[in-house]
Amino acid sequence: MMDRKIISGFSKLDRKQKIQWLVDQYHLDQATIKFLDSFQLADEKTQEIIADLSENQLSNYHLPFTVAPNFLVDGKLKTFPLVTEESSVVAALAKAAGYWAQRGGFRTEIIGTKKKGQVHFLWKGDHEKLNKFFPEIKQNLLIESAPLTEKMTNRGGGISAVELKYLPEVLPNYYQLDVSFETCDAMGANFINSCLEQFGKTLKIWVVENDQFAEEEKELEIIMAILSNYVPESRVKVWVECPVTKLEADAEKSQLFASKFVQAVHISRNDVSRAVTHNKGIFNGIDALAIATGNDFRAIEAGGHAYAAKDGKYRGLSDAGITDGNFWFSLELPLAVGVVGGVTRLHPLAKLAMQILEQPSAKQLMTYLAISGLASNWAAVRALVTTGIQQGHMKMHLSNILNTLQVSDEQKQAVRLYFEGREVSFSEVQNFLNTHAG
Ligand code: MEV
């Protein structure tokens, strides 16, 4: 038996009513109302901007807005704004940035910026016939979508190719219009989707109105029209390199470290269990910068993971090696990001993040995101093949535990001292505090 009723029209309630509904339904303390209010911003205008980012806003959910300085990118020093809930990520990024700034910094190369989308449709006629008419159809599609593409074309972007694909192996009578786009400094999701939906409408009308098509050929069913978050032709490569001997304080240590590091990367490229965790470490850095700049990190992640499996096996995204006494470590991945439109120019902290990055173009932001990924991957793998990951993690973990337990500064100091070199857990810290109270 369901003890709760389905609520209709929830989104139409105002914020206070929604909170009251939640308090009543889940028997929450009345203090919850004040508690949620306490996270609302005093500045009404800014609060409205934040609230309007989503439906059913009750309060704001805070994460630290942080920075990591010392990223030397193609010879220029940059500070990366970062937002993450994982305590060790920013410390690791800052450390990696400082380390590589002393060794030539990060280098970058944009491999492409082409994005794609598809109109998926079914058509029962002879596919050769559709192929034959396709040049005419294509011209029509471009003419009809011109009002949508005009501004983007003036900025140097627009539609760069339209292909017809017949794919009966996927579904009987299934086709795609596979469309390529350049979206300049925008991520371009709205632009691409609007163009594709227009293509769908134009295509359907063209078939219905064309005399060359028999009555039974006039039925064309659009299944959907949507951009693809798989953007292998919008790709960036970033890398670091330095003589092996410069990696550590002495030559022997350097050699050992370099070969262990390269082995670890090799394992990630050939073993799926390790590859997923390795790539997670890469996205720790990418997502933190993507969130800070108001970019869609789910799109970035989805495309990145698909690219990791591009040759039929899921692999680590980065690569490393030793060539002529030089250690190199690189990352190549697809990225579709924007610096205009979307949340980037709306969220006040995303705006500040863009200012800290000195208003990068979309291409520059692609390189920074990939660098953030490479740097966090570097820090993780370096720790793994040397001290182990727990040393750094535990320090941060201990801080979180101490904050959760709300202990005095004096107690914090005693706990930190006691747990140096010891295994940290919530219950162990609690035990220590109980036996050493005061
Ligand atoms: C933790 O967030 C990320 C790592 O597991 C990544 C890795 O193992 O490479 C440390």
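No value in this document is a laboratory result; all are computed from the given coordinates. These figures come from a predicted structure and were not determined experimentally. Positions of Cβ are backbone-derived with ideal geometry, glycine not excepted, and every protein chain shown enters the neighbour counts.
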Where does each of Trp378, Trp123, Trp239 land when they are ranked from fewest to most other beta-carbon atoms within 10 angstrom? Trp239, Trp123, Trp378
1/(1 + (r/R0)^6) with r = Cβ-Cβ of Ser408 and Asp324, R0 = 56 Å, i.e. FRET efficiency to nearest 0.05, evaluates to 0.50
MRE, 222 nm, helices only [DSSP H, n ≥ 4, -39500 (n - 2.57), over the chain, to nearest 500]: -16000 deg cm²/dmol
Which of Ala42, Ala97, Ala336 ends up with the largest GNM mean-square fluctuation for the chain, with Cα atoms connected below 10 Å? Ala42
Any chance you could run the full-extension gain for Glu233 through Thr32? It's 0.36 nm times the residue separation minus the Cα-Cα distance, nm to one decimal. 67.5 nm
Enumerate the residues in segment 41-73 having an amide nitrogen under 13 Å from the point lying 7 Å beyond the Cα of Gln20 toward its Cβ. none
What angle do you read, to the nearest 10 degrees and between 0 and 90, between the alpha-carbon axis of helix 409-419 and the longest principal axis of the chain? 90
Neighbour-count ranking for Leu289, Leu352 (other C-beta within 10 angstrom, fewest to most) reads Leu352, Leu289
Fewest to most neighbouring Cβ within 10 Å: what's the order for Asp37, Asp296? Asp37, Asp296
Among 170-178, 25-33, what's the highest-first ranking by average C-beta atoms within 10 angstrom per residue? 170-178, 25-33
Helix 362-385: angle to the longest alpha-carbon principal axis of the chain, degrees 0 to 90, nearest 10? 40
Out of Val272, Val339, Val240, any idea which swings most in a Gaussian network model of the chain, alpha carbons joined below 10 Å? Val272
Output ³J(HN,Hα) for segment 239-247: one whole-Hz value per residue in order, computed from phi by the Karplus curve 6.51 cos²θ - 1.76 cosθ + 1.60 with θ = phi - 60°, and x for Gly and Pro. 7, 10, 7, 6, x, 3, 5, 8, 6
Segment Leu122-Leu352, extension gain: residue separation times 0.36 nm, minus the distance between their alpha carbons: 78.1 nm
Hey, which of these cross-link pairs are over 28 Å Cα-Cα: Lys114/Lys351; Lys114/Lys201; Lys76/Lys351; Lys76/Lys395? Lys76/Lys395
